[in-house]
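Participant: I am attaching a structure below and will ask some questions about it afterwards.
The values are calculated or read from the model by the stated rules, or taken from the named source; none is laboratory data. Source: prediction; values computed, not measured. Every residue, glycine among them, receives a Cβ derived from its backbone with ideal geometry; neighbour counts consider all protein chains shown.
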Amino acid sequence: MQLSLVMTIIGRDRPGLVDSVATRVTEHGGNWLESRMSRLGGHFAGILRVEIPSEQERSLVQSLKGLESQGLTVVVHSDRQEAGGEERKLSLLEIVGQDRPGIVRQISRVLAAHQVNVEELETERDSAAMSGEMLFKARATLHLPASCNVAELRKQLEKIADDLIVDISFQEQLTHEESHHC
């Protein structure tokens with residue numbers, strides 16, 4: 001039986017970090033399924049999902065813990081799917097505006113109040129082309145529960161945009177299942 005594991009890794013950036021994890025996954029009969037990894041502030045951080053034979057789980061986790069002596073912290077969780085998940089819609093949220101503390105907090109608070117799950121979130125600060133001021137940019141993929149009042153959610157996000165002087169783009173998209181029925 002195959003088992004899916006989700007891992008986070010973080011350590012001081014240096015050549016060979018990904019290889020050290022990939023080698024251990026392969027040595028335990030695993031398959032690297034997906035990952036998001038990046039260098040941030042002198043550290044290398046990532047999240048990945050692998051599939052391994054269930055009897056290899058304990059051995060792989062122990063092997064990955066051995067990387068701590070090389071300065072790499074690895075946290076492993078079993079990716080057991082919850083049965084009977086509620087139908088949700090996929091949406092895209094994009095934010096651009098003058099950078100200031102609290103933007104992510106305000107938006108995430110509204111999303112949480114509407115039971116919206118943040119599937120992916122990418123943020124960055126960048127210098128504005130004309131003024132040189134720092135801009136905050138974010139792009140998030142969201143799953144909205146069927147019970148979500150999308151009009152009210154949009155209204156609250158637009159209020160934040162007005163208060164923070166940022167532009168927010170919120171677009172509903174088809175669910176994976178709906179896109180196959182078109």
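Participant: Give the residue, chosen from Leu67, Leu111, Leu144, that is of a type outside the set (Lys, Arg), at pLDDT 90 or above and not in a helix (DSSP H, G or I).
Facilitator: Going through Leu67, Leu111, Leu144 in turn, just one is of a type outside the set (Lys, Arg), at pLDDT 90 or above and not in a helix (DSSP H, G or I): Leu144.
Participant: Name every residue in region 23-42 that is surrounded by 14 or more Cβ atoms within 10 Å (Cβ to Cβ) and closer than 18 Å to Ser69 by Cβ, in order of residue number.
Facilitator: Passing the criteria: only Arg24.
Participant: Which of the residues spanning region 1-22 are of a type in the set (D, E, K, R) and more than 11 Å from Gly71 (Cβ to Cβ)?
Facilitator: Once the filter is applied, which keeps residues that are of a type in the set (D, E, K, R) and more than 11 Å from Gly71 (Cβ to Cβ), region 1-22 yields only Asp19.
Participant: Taking Gly71 as meeting all but one of (1) within 16 Å of Thr23 (Cβ to Cβ); (2) of a type outside the set (Phe, Trp, Tyr); (3) in contact (Cβ under 8 Å) with a residue 40 or more places away in the chain, write down the number of the exception.
Facilitator: Failing condition for Gly71: (1).
Participant: Could you please give the count of residues in region 1-46 that are free of Cβ contacts under 8 Å to residues at least 40 places away in the same chain and among the hydrophobic types (A, V, I, L, M, F, W, C)?
Facilitator: 9
Participant: With the structure loaded, tell me whether Thr73 is modelled with pLDDT of 80 or more and under 27 Å from Leu48 (Cα atoms) or whether it fails that test. Let's see the steps before the verdict.
Facilitator: Numbers: modelled with pLDDT of 80 or more: yes; under 27 Å from Leu48 (Cα atoms): yes.
Spelling it out, Thr73 is indeed modelled with pLDDT of 80 or more and under 27 Å from Leu48 (Cα atoms).
Participant: Next up: Kindly evaluate Gln56 against the criterion of being touching a residue at least 12 places away in the same chain (Cβ under 8 Å) and surrounded by 14 or more Cβ atoms within 10 Å (Cβ to Cβ).
Facilitator: It is true that Gln56 is touching a residue at least 12 places away in the same chain (Cβ under 8 Å) and surrounded by 14 or more Cβ atoms within 10 Å (Cβ to Cβ).
Participant: Can you tell me which residue among Glu177, Glu152, Glu124 is out of contact with any Pro (no Cβ under 7 Å at 6 or more places or on another chain), modelled with pLDDT under 85 and acidic (Asp, Glu)?
Facilitator: Glu177
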